[in-house]
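Down below is the structure, laid out as C-alpha cells.
Every number here is computed from the coordinates shown, using simple stated rules; none is lab data. Since we're looking at a predicted model, the values are computed, not measured. FYI the Cβ positions are ideal-geometry reconstructions off the backbone, even for glycines, and counts take in every protein chain you see.
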Amino acid sequence: MPSRRDFLSVGVAAGAASLLPPPLAAHAASPGAPPASAAPVPDLTAEDVAHAERVIGLEFRPDQRELLLPDAQYRLGVYETIRQQEPANSVAPVLSLDLPAPPAPRGPMRTRIPARVTSTPSETDLAFASIPELAALLRARRVSSVELTQLALDRLQRFDPQLKATVSLLEERALRTARQRDEDLARGVDLGPLHGIPYGAKDLLAARGAPTTWGARPFRDQRFEEDAAVVELLDAAGAVLVAKLTLGALAWGDVWFGGRTNNPWNVEQGSSGSSAGPGAAVAAGLVPFAIGSETYGSIVSPSTRNGVTGHRPTFGRVPTRGAMALAWSLDKLGPMARSAEDAAIVFDAVRDVETDHGDLGFPFDPAEDLRGIRLGYVPVLFDEAEGAGGDADRESLRVLRDLGADLVPVALPDGPEVSAVMDLTVTVEAAAAFDGLTRSGRVDELVRQERFAWPNTFRHGRLIPAVEYLNAQRIRRRLADQTEAVLQEVHALVTPSVGGTQLALTNLTGHPAVAVPNGFFPLQDADPADPRRQPHSLTFVGRLYADHAALRAAHAYQRATAFHRMRPPVGG
C-alpha cells in the first residue's frame with residue numbers, strides 16, 4: 001500500500017497539486033516545508049479585536065482593546081516568522097521540556113571549608129563573607145547561627161527603606177531555627193556547609209505560616225500550609241530562612257505592590273527583575289544567598305544589574321513544587337550568591353536527586369582549573385560589543401586564555417525564530433497560568449497597567465492561535481537539538497550575558513547558565529568621587545545537566561579576578 005509520502009510525490013508529479021485544499025497546496029512540493037513567500041500582514045482595528053473576543057468568550061473594554069492592538073498587530077508578523085520556519089512533518093512539539101537522558105556526571109561535589117579561623121570579622125565583613133568562610137566561623141564557635149540570623153534580620157530592616165527588597169521578615173521562624181542549628185552543632189550534629197547560614201527566598205516560593213504574595217496585590221494575603229520543595233531541601237541542609245524577598249508582580253520586572261526594588265549600586269535605578277529582591281539583598285550584604293527564579297532572564301538580569309553571581313540550573317534539576325508557575329515549560333529555580341562556589345554549594349543542596357533520570361551527580365571541585373578545558377564562544381558577540389561592557393567582555397576572554405582554557409569559536413542558532421518562539425511560549429503559558437485572574441477582572445489590581453505589563457499581555461495572549469503555539473514548540477525542539485549539538489563540542493560556553501539571542505535560546509532549550517560580574521563602571525557624566533556604579537556581567541553556559549562545568553568555569557574566572565568581592569554604596 002503506498003504511503004502518504006508516496007501519494008503526495010506521485011500527485012505532485014502528475015500535476016495534482018491544484019487539487020489540494022489551499023492550505024496544503026503550499027506544502028505539496030515538499031511535505032512539511034513552509035510557503036515560498038509570506039502573505040501580506042493586514043492592518044488590524046479595534047473592531048477586529050472585538051470580533052475576536054466573541055470567539056474566545058471574553059469582553060474587553062474599549063481602552064483595553066486600544067492598548068493591546070499594537071501587540072496583536074505585531075504578533076501577526078511573529079506568526080509569519082513561525083510559519084516561514086515550519087519544520088518537517090516528523091518534528092514533534094515540545095509540550096513540556098522533556099530533555100533527553102544524559103550521561104550521568106560522575107561523583108559528588110567537593111566542599112572546601114577553611115580548617116583554621118584566627119579572627120572574627122567585623123559585622124560588615126561578616127555580612128559579605130562567603131559561605132565557606134561562614135561555615136568555618138560557625139564550626140570554630142567564632143559566631144553562632146543566632147548571631148548570623150539576627151545580623152541578617154537587622155540589615156534587612158535597616159536598608160529596606162532604600163532598597164524595598166523585603167516582603168516579609170520571618171523573625172520568629174528564623175530565630176527558632178537558628179537556635180536549633182546552634183544546639184545541633186553543640187551536640188556534634190552537622191548538616192553540611194549551609195548549616196546555620198541565613199538566606200532569603202523570592203516571594204513566589206511558599207513558606208508555611210507566611211504570606212506568599214507573588215508580588216501582586218490580588219495575592220498579598222495568600223498563605224500556604226506547606227513549604228516549597230526548595231525550602232524543605234534547604235531546611236534539611238541546615239540553612240535558615242529569614243525573609244521572603246521581592247519580585248516584580250507575577251514575576252515581571254522590579255515593581256511590586258509595595259513599590260520598586262532598587263539597585264544598591266544606584267538606588268535611583270530599579271534592581272531589574274523579576275528576582276529583584278534576591279539580587280538587591282545579596283548585593284547589599286543583607287543575606288549570604290537567596291533563591292531566585294528564571295523564566296526568561298529573571299536570574300541573569302538582576303544578577304547583572306546588582307553585580308552578584310546567579311546560577312540558572314538545567315531545566316528540571318531543581319524541584320518547583322510550591323513555586324508560582326508562570327510558564328511550566330520554562331520556569332527554573334536557582335541560587336543567587338556572592339560567588340560561583342557559593343552558588344554551587346546551594347545548588348548541591350537543592351538539586352533534585354529523584355528526577356526522572358535519577359541522581360545525576362554533581363562533580364564540582366573548587367580546586368580544579370581550566371587547563372585543557374574547551375570553552376566555546378561566539379566571536380561576533382565579543383567583536384561587535386561596544387563601550388566599557390564590550391571592553392570588559394574581551395578582557396574576560398584574555399583572562400580565560402591566561403588560565404589555560406582553549407577558546408573555540410562556535411555558532412549558535414540565531415535567527416528571528418528564537419525570539420518569536422520565546423515570545424509565543426511565555427505569553428501563551430503565562431496567559432493560561434493566570435487566565436482566572438484575567439477573566440475575574442482582578443488583573444486590573446496589578447500596579448503596572450501599561451502596554452508592556454502582565455494585564456495587557458494576558459489579554460492579547462488569549463488571541464494567539466493554538467496552531468501557532470504548537471508550531472513554535474516544534475521549532476523549539478529543533479533549536480534544543482541544535483544547541484546541544486554545539487555544546488557537545490566543548491566543555492562549556494562563554495558569552496556576554498545579554499549578547500545576541502542566547503538568553504532567549506538557552507532558556508528555551510533548558511541549558512544551565514551562570515552569570516558573574518566582570519565590570520563596575522562609573523555612571524555617565526557622574527563626579528569621579530561618586531561611588532555609584534553600573535555592574536556588568538558575563539555568562540557561562542553548560543551542556544544539559546552539566547551545571548558543574550559552567551560553575552567550574554565561572555569559579556576559575558572568579559579566582560583570577562575580584563569583581564565578585566566588590567561592595568555597593570548601600571550596605572557595603
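Rg and Dmax, both from the Cα atoms of the stretch 374-463 and both in Å, are 20.7, 59.
Cα centroid separation, the stretch 528-555 to the stretch 352-373: 18 Å.
With the charge dipole of the stretch 99-204 set up from +1 on Lys and Arg Cβ and -1 on Asp and Glu Cβ about the Cα centre, the Cα lying farthest toward the positive end among the listed residues 131, 177, 197 is that of 131.
Each Lys or Arg adds one and each Asp or Glu subtracts one; over the other residues with Cβ under 15 Å from the Cβ of residue 428, this totals -1. Among residues other than residue 531 with Cβ under 14 Å from its Cβ, the summed charge is 0 (Lys and Arg +1, Asp and Glu -1). Once C-alpha pairs closer than 8 Å and six or more residues apart are averaged by separation and normalised to the residue number of the chain, the relative contact order reads 17 percent.
Arrange the peptides 132-140, 289-297, 375-383 so that the one whose residues have, on average, the most other Cβ atoms within 10 Å appears first. Numbers along the way, then the final one.
Values: 132-140: 20.4, 289-297: 26.8, 375-383: 17.6.
Going from most to least packed, we get 289-297, 132-140, 375-383.
The stretch between residue 523 and residue 41 holds 169.3 nm of extra length on full extension. This uses 0.36 nm per residue minus the Cα-Cα distance.
Computed from phi, the 3J(HN,Hα) profile of the stretch 147-153 under the Karplus parametrisation 6.51, -1.76, 1.60 (θ = phi - 60°) reads 5, 5, 5, 5, 4, 5, 4 Hz, with x in place of Gly and Pro. Near the amide H of residue 220, within less than 5 Å, lie no amide hydrogens of residues on another chain or at least 5 residues away, with H placed in the peptide plane. Here the average projected area of the convex hull drawn through the C-alpha atoms of the chain stands at 29.6 nm².
The translational diffusion coefficient of the stretch 189-326, from Stokes-Einstein at 25 °C and 0.890 mPa s with a Kirkwood hydrodynamic radius over alpha carbon pairs, comes to 166 µm²/s.
For the stretch 458-468, 3J(HN,Hα) computed residue by residue from phi via the Karplus equation (6.51, -1.76, 1.60; θ = phi - 60°) reads 4, 6, 6, x, 5, 8, 7, x, 4, 4, 5 Hz, glycine and proline entered as x.
Would you kindly calculate the mean projected area, averaged across all directions, of the convex hull enclosing the Cα atoms of the stretch 67-216, in square nanometres? If you can, show how the numbers build up before the last one.
Values: hull surface 66.1 nm².
The number I arrive at for the stretch 67-216 is 16.5 nm².
Close amide H contacts of residue 519 (hydrogens built in the peptide plane, cut-off under 5 Å, sequence separation of 5 or more or a different chain): 536. Rounded, prolate or oblate: which fits the stretch 257-394, taking a ≥ b ≥ c as square roots of the Cα gyration tensor eigenvalues, rounded meaning a/c under 1.5, else prolate when a/b beats b/c? Oblate, because a/c is 1.5 or more while a/b does not exceed b/c. Amide H contacts under 5 Å for residue 167: 244, 245, 246, restricted to partners 5 or more places along the chain or on a different chain, H placed in the peptide plane at 1.01 Å from N. Here, the stretch 284-325 yields an orientationally averaged convex hull projection of 3.6 nm² when only Cα atoms define the hull. If the chain linking residue 220 and residue 58 were pulled fully straight, counting 0.36 nm for each residue of separation and taking away their Cα-Cα distance, it would gain 55.7 nm.
Computed from Cα positions, the angle between helix 416-433 and the longest principal axis of the chain comes to roughly 70 degrees.
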